[in-house]
Amino acid sequence: MYANSIVELIGNTPLLHLKSLSDEARGIRVFGKLECRNPANSVKDRSALELLLQAQRDHALEPGWSIVESTSGNMGHALAMLCAIHHYHFICVLDPKTPKSNVNLVRAFGGQVEMVDQPDESGSFQKKRIAVARQIAAQLPRCVNLDQYNNPAAIDAHYYSTGPEIFAQLHGRVDMLVGAASTGSHLSGIARHLKERNPQVKVVGVEPEGSVVFGGEFKPFLQNGIGLSFRPGNILCELVDEVVKVSDHEAFLGCRRVALDEGLLLGGSSGSVISAARRCIAQLTGPAQVVLVFPDSGIKYLDTVYDDQWLKAHGLGGVLDELRRDAAPMHRRIDHPRSAFGAPPQGGAPSGPAKPDPRQPLDAPVSCAADGASSVMEN
């Protein structure tokens, strides 16, 4: 079987059983929906496709038309990819928080980058980005601003795809959904689908400390692709049962830990979801199946979240301290008799890597082949 277009590869992302977050003794199983397995490596592929299809229906788009959108990065990557194959001119409005790799990705697909350099009075770039996108659409002939923050087509993308996939992958047994909130589209679409089938599903919305999607006072934060300085139209608050606000420290520690525990390289928004999930799981009293939506890959954040010097420069060296403390017991288990990071005993030569016990099976690596929506991956 083969695909005839990159569009056909969007969706049907795998669900991974996360053993490091599960508590089998209490019957709690936790799963991660790996949206990084979409062609442009994020959950925004789904929203971008549906937004573009809606624009085609509304405006009868033809090659040569322009699409303009404000984004923190992932939507820009997805739209640049899709506009390239449809021969639309894509104008991406970004800000300095956008990882350089995302900027380069937009340009690699032939997109035009407009950078908003100055924040508004609150310290956020988001409202200014949106204003610039609207201004461009108003002034440029045959140009459409998709408006991912308020366009219900973005919610439909997840109501009709991501939600049904999760429901099918767990045979309808979903007790809790934990998802990040920014535009609100994927959280709202998935939540609506699951709650229509089981009103008892608990939906947890996650945003950074300082974000005001669910209320509060805005303060700048370092997390990217999650949170806003305003409440967007696509966040359906009536579907959200609990809100968890996560600090930059907790978010970045979450994604750095899951890289070591599960072999998953995820973005900071996924770290926020993991941190929030740990709090919620600790409060569960009985068996449950919990789904975490992981919006994107960590590949784009190698120069930020996964760069030790970047963390230190932004006052987040404590993340590294906690990782070292967590690693110490593991080192004591696998090294020959010595304290973690210490010297070998006097008179003894440093030992080489321990040989695996041939009687014990090695864990199989996680496959990179795309699976159907009915599959659940075990690691």
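When LEU264, LEU9 are sorted by how many other C-beta atoms sit within 10 angstrom of their C-beta, beginning with the fewest, the order is LEU9, LEU264. Each of TYR159, TYR88 was scored by other Cβ atoms within 10 Å of its Cβ. Arranged with the fewest first, they read TYR159, TYR88. Helix 268-283 and the longest principal axis of the Cα set of the chain meet at an angle near 60°. Taking the C-alpha atoms only, the angle from helix 185-197 to the longest principal axis of the chain is near 80 degrees.
The residues TRP65, TRP310, when put in order of fewest to most other Cβ atoms within 10 Å, stand as TRP310, TRP65. Taking ASP58, ASP308, ASP175 in turn, the Gaussian network model of the chain (Cα-Cα springs below 10 Å) assigns the largest fluctuation to ASP58.
In the chain, helical runs assigned H by DSSP with n ≥ 4 each contribute -39500 (n - 2.57); averaged across all residues and rounded to the nearest 500, the mean residue ellipticity at 222 nm is -11000 deg cm²/dmol. Against the chain, whose longest principal axis is taken from its Cα atoms, helix 44-59 shows a tilt of about 10°. Evaluated with a Cβ-only charge set (Lys, Arg +1; Asp, Glu -1), the chain carries a dipole of roughly 500 debye about its Cα centre, given to the nearest 20. Convex hull volume of the Cα atoms of segment 180-291, normalised per residue: 107 Å³. Direction-averaged projected area, Cα convex hull, segment 44-145: 6.0 nm², rounded to one decimal.
Express the C-alpha Rg of the chain as a ratio against the empirical globular expectation 2.2 N^0.38 Å, rounded to two decimals. Working shown, then result.
Values: Rg = 21.8 Å, N = 379, 2.2 N^0.38 = 21.0 Å.
My calculation over the Cα atoms of the chain gives 1.04.
Rule-based calculations on the coordinates, nothing more; no lab input. Note that the structure is predicted; figures quoted are calculated from it, not measured. Methodologically, a virtual Cβ is constructed for each residue, glycine included, from the backbone with ideal geometry; neighbour enumeration extends over all protein chains shown.
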